[in-house]
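**Student:** Mind having a look at this structure? Questions to follow.
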Amino acid sequence: MIVYKNNYDKGIPYILNGNVQKLLVEKINKVKDSAYFLLDKLDSNNYEISLREYREPVSAIKWIENTNRFVFLNGRFYPLIFESDQVFSVQMTTKEFKNSVSSDGSYTLNKIRIIDEHPYRVKFNVKGEILYEGY
């Protein structure tokens, strides 16, 4: 089971459309205690959410542990990270990053990408209509 540093009470709950929730609830029982989600905005009307399983080693551990966003499904909160986290953020907390900045203001970035060959994915539009679901 993942131990989250952030308190759910201070987090941002994400409530997905009922059609999307139903599909995710059917799949989440297999990985309930090690589940997290990756959300991507495909265009102005369409999104993709993928169910991921936390397994050692996971390169996204800092994002998972420190997120303040949570998907609410079936009475539980699950960590949520964004595809854009992989593009614009680093694998450090704000404090760790601040401490790594040199006195001249320079810093080194180490970027990672989450590679999961077979996540369960649901593509949907803003109305909650399912465009695709599967592995």
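**Student:** Hey, which of the helices (runs of 4 or more DSSP H) in segment 6-109, taking only ones fully inside, have at least 3 residues that are in contact (Cβ under 8 Å) with a residue 12 or more places away in the chain and among the acidic types (Asp, Glu)?
**Tutor:** Working: elements: 18-28, 61-66, 83-88, 94-100.
Once the helices (runs of 4 or more DSSP H) in segment 6-109 are filtered for at least 3 residues that are in contact (Cβ under 8 Å) with a residue 12 or more places away in the chain and among the acidic types (Asp, Glu), nothing remains.
**Student:** Do you know which residues across segment 48-89 are open to solvent by less than 10 Å² (accessible area, probe 1.4 Å) and over 12 Å from the mean Cα position of the chain (by Cα)?
**Tutor:** Once the filter is applied, which keeps residues that are open to solvent by less than 10 Å² (accessible area, probe 1.4 Å) and over 12 Å from the mean Cα position of the chain (by Cα), segment 48-89 yields only Leu73.
**Student:** A further question follows. Are any residues in segment 1-26 crowded, with 16+ Cβ neighbours inside 10 Å and at pLDDT below 95, and if so, which ones?
**Tutor:** Once the filter is applied, which keeps residues that are crowded, with 16+ Cβ neighbours inside 10 Å and at pLDDT below 95, segment 1-26 yields Tyr4, Gly11.
**Student:** Look through segment 28-47, keep the residues that are farther than 15 Å from Asp85 by Cα and modelled with pLDDT of 95 or more, and return whichever of them is least open to solvent (accessible area, probe 1.4 Å). Walk me through it before giving the result.
**Tutor:** Of the residues in segment 28-47, the ones farther than 15 Å from Asp85 by Cα are 28-35, 43-47.
Within this subset, residues satisfying the condition of being modelled with pLDDT of 95 or more are 43-47.
Details: Asp43: 70, Ser44: 87, Asn45: 81, Asn46: 36, Tyr47: 56 Å².
This residue is Asn46.
**Student:** Only one of (1) within 16 Å of the chain's Cα centre (by Cα); (2) at pLDDT below 95; (3) of a type in the set (A, V, I, L, M, F, W, C) fails for Phe97. Which number is that?
**Tutor:** (1)
The values are calculated or read from the model by the stated rules, or taken from the named source; none is laboratory data. As the structure is a computational prediction, the values presented were derived from the model and not from experiment. Counting neighbours? That spans all protein chains shown, and the Cβs are built from the backbone with ideal geometry, glycine included. In case anyone asks, the SASA skips ligands and DNA or RNA and just uses the protein heavy atoms, side chains included. Shrake-Rupley method; radii C 1.70, N 1.55, O 1.52, S 1.80 Å.
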